[in-house]
2 protein chains.
Amino acid sequence: MTTIGEIGEDALIALFAPRLPETDAEILGPGDDAAVVAVDGHLVVSSDVLVEGRHFRREWSTGADVGWRAAMQNLADIDAMGAVPTSLQITLCAPSDLDVDWVLDFADGLREACEPHGVGVVGGDLSGADQIVVSVTVLGETHGTEVVTRADAHPGMVVAVSAPLGAAAAGFALLDAGVDAVPEASQLFKRPRPIVGAGLEAALRGAAAMMDISDGLLRDAGRIARASEVGIALDSAAVPVHPAATSAAAALGVDALRFALTGGEDHALLAVFPSVSSVPPGWEVIGEATDAFAGVRVDGQVPDAVGWDHFSR
Amino acid sequence: MTTIGEIGEDALIALFAPRLPETDAEILGPGDDAAVVAVDGHLVVSSDVLVEGRHFRREWSTGADVGWRAAMQNLADIDAMGAVPTSLQITLCAPSDLDVDWVLDFADGLREACEPHGVGVVGGDLSGADQIVVSVTVLGETHGTEVVTRADAHPGMVVAVSAPLGAAAAGFALLDAGVDAVPEASQLFKRPRPIVGAGLEAALRGAAAMMDISDGLLRDAGRIARASEVGIALDSAAVPVHPAATSAAAALGVDALRFALTGGEDHALLAVFPSVSSVPPGWEVIGEATDAFAGVRVDGQVPDAVGWDHFSR
């Protein structure tokens with residue numbers, strides 16, 4: 001093993017940079033004070049951070065898993081606006097005794113996640129730190145539609161999700177319990193697989209409000225409710241539970257619906273549509289927007305557990 | 001004292017967000033999955049990270065100092081392209097026992113640095129971590145000129161710097177030695193004051209290659225030399241040494257020129273101009289580009305110490 005402290009920053013960059021994905025939007029890439037990127041339409045930008053020991057553990061996730069997840073959760077944020085991602089800025093902080101191979105593996109994971117979508121890494125920064133911290137800023141552009149925010153849901157509209165929920169949370173629970181019963185769930189925690197492009201399709205079909213579910217359906221639905229000043233009434237029986245979450249829940253002796261309602265990090269989309277007829281194929285209608293209450297009700301009740309807090313857990 | 005773990009993420013954001021600077025370029029600001037920013041010309045983007053214990057220490061720098069520096073080093077990167085910064089994405093990782101006031105002070109520092117330039121914070125992310133890690137991505141745009149890279153210096157051109165050097169490195173040395181002799185130098189380490197806009201002026205006057213000096217004049221000049229495949233011959237007697245660096249060097253009994261040659265983080269600009277007549281007023285000519293050697297010589301000699309390495313120090 002060779003550590004990044006042994007080879008130093010310049011040598012690490014020389015190994016790392018050629019493995020990164022590229023984008024046609026890049027006018028000037030890594031290696032200067034800044035990168036230059038072509039933007040068509042409006043610029044859409046978002047950032048997410050992954051911290052070792054909080055968002056991932058090195059004993060569970062490879063460098064490629066972390067690179068994949070860092071990319072994918074950012075692509076999902078742009079998709080959730082109904083926009084199209086083009087490029088990433090990556091800052092990687094890491095302890096000097098980290099294996100160089102971890103960093104190269106991280107680049108491979110970024111590339112595997114980004115290349116199918118034509119997204120490239122155009123720049124970033126490297127630094128030493130006591131733990132691995134990956135910060136990603138994703139740049140995207142609108143493709144002929146307005147962005148879809150969280151603030152335009154209206155009473156009477158229908159609430160839908162783009163995919164079955166709970167697999168990532170179930171995978172985390174399995175890994176945390178040391179139970180190797182449902183590899184698909186663990187894998188979907190390490191490498192979430194949102195359908196990038198589902199958000200643009202929803203925007204084209206007239207989605208009024210949309211977001212990606214990163215902190216759990218209930219907590220994130222509450223964000224749309226508050227931003228739009230509507231109530232959101234969910235029917236728990238209609239919430240699609242991922243089969244891997246159901247299997248994991250059986251193995252752990254817990255309730256699968258809880259994974260689907262409060263588990264984050266599947267990065268499926270939650271959106272509010274004017275009517276059932278505008279909901280794209282493959283999505284599931286799970287409730288409706290109401291004017292009664294700027295919050296979320298499940299089967300008519302205010303739920304008690306609404307996701308998690310990034311500082312207190 | 002109230003810690004960020006005690007008040008939680010949502011309450012922290014509610015306190016933090018109103019203190020952030022705003023920009024006219026913002027179409028949709030913080031609070032959704034992504035922000036939307038107007039871009040005129042090409043998008044210019046750069047990222048830098050500040051890690052507690054490596055780039056700053058809490059016993060030396062206030063939250064406002066860290067916010068200031070995080071903003072300013074990123075504004076300097078856009079300026080170094082001859083472009084104009086418009087907005088920032090900020091990710092802040094912090095331990096749960098951090099005082100809320102530190103975070104609010106950090107926002108104030110961001111605002112103090114950004115507001116005079118019309119730059120706003122349009123989005124970001126917060127997470128827990130074992131140490132404070134601030135990652136900033138800056139977005140900017142070209143204003144009618146091509147970006148100025150590091151790669152277009154040619155033999156016979158003149159090399160110049162935008163401001164006297166060494167104050168930040170001298171300030172670090174004073175703080176590190178516990179010598180409170182030259183407050184101006186310590187202050188310029190904590191709050192570097194590059195002239196944002198000097199890069200656009202240089203671009204308009206025809207600068208062929210440019211960068212901001214963040215890792216020391218010699219190391220950064222070497223980067224222009226390698227990118228442009230030229231030699232850079234510097235005259236040490238012509239290098240402008242900041243008066244605060246001279247005073248600090250006297251107090252510490254060391255050589256002030258060393259601060260100016262190898263100290264980073266003043267974020268002054270280093271540029272290569274076609275001729276002396278195109279060098280803007282206030283800049284100092286310090287050498288020339290040659291075709292002899294893709295590296296740096298000082299007074300005809302290859303220097304032995306060329307800045308620092310981010311992982312090995």
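The values are calculated or read from the model by the stated rules, or taken from the named source; none is laboratory data. Predicted, not measured: the structure shown is a model, and the values here were computed from it. Glycine also receives a Cβ, built like all others from the backbone with ideal geometry; neighbour counts cover every protein chain displayed. All accessible areas refer to the heavy atoms of the entire protein, side chains included, with ligands and DNA or RNA removed. Shrake-Rupley method; radii C 1.70, N 1.55, O 1.52, S 1.80 Å.
For this structure, a couple of remarks:
- The chymotrypsin sites (Phe, Trp or Tyr not before Pro) of the stretch A:1-79 that DSSP puts in a loop, and whose beta carbon has at most 15 other beta carbons within 10 Å, are A:W60.
- 7 Å along Cα→Cβ, label-point gaps from A:G8 to other copies, nm, shortest first: 4.9
- Relative packing of A:160-170, B:40-50, B:222-232, which averages over residues the other C-beta atoms within 10 Å, highest first: A:160-170, B:40-50, B:222-232
- For the protein assembly as shown, Kirkwood radius (reciprocal of mean inverse C-alpha pair distance, Å): 25.2
- Prolate/oblate/rounded label for the stretch A:158-298 (Cα gyration tensor, a/c 1.5): prolate
- Inter-copy label distances at A:F293, shortest first and taken from points set 7 Å along Cα to Cβ: 7.7 nm.
- Values of log10 I(q)/I(0), in the order q = 0.09, 0.10, 0.11, 0.12 Å⁻¹, for chain B under a Debye, Cα-only, solvent-free model: -0.46, -0.57, -0.68, -0.81
- Under the shape rule built on the C-alpha gyration tensor, where the axes satisfy a ≥ b ≥ c, the stretch B:1-89 is oblate, since a/c reaches at least 1.5 while a/b does not exceed b/c.
- DSSP H segments from chain A that extend 18 Å or more along their own axis, Cα-based, with Kyte-Doolittle mean of -1.0 or above: A:63-79, A:100-114
- Look at the stretch B:4-13: the mean tally of other chain Cβ atoms within 10 Å of its residues' Cβ atoms is 3.
- Of all DSSP-defined beta bridges confined to the protein assembly as shown, some 75% are antiparallel rather than parallel.
- Per-residue [θ]222 nm for chain A (sum of -39500 (n - 2.57) over DSSP H runs n ≥ 4, rounded to 500): -9500 deg cm²/dmol
- Projecting 7 Å from Cα along the Cα-to-Cβ direction, the label point of A:S236 sits 7.6 nm from its equivalents in the other copies, listed shortest first.
- Averaged over peptide A:119-128, the number of partner chain Cβ atoms lying within 10 Å of each residue's Cβ comes to 5.
- Accessible area ranking (1.4 Å probe, heavy atoms, ligands and nucleic acids excluded), largest first, for A:L261, B:L270, B:L28: B:L28, A:L261, B:L270.
- The relative contact order of chain B comes to 22 percent, based on Cα pairs under 8 Å that sit 6 or more residues apart.
- For peptide B:37-44, the mean count of partner chain Cβ atoms within 10 Å of a residue's Cβ comes to 6.
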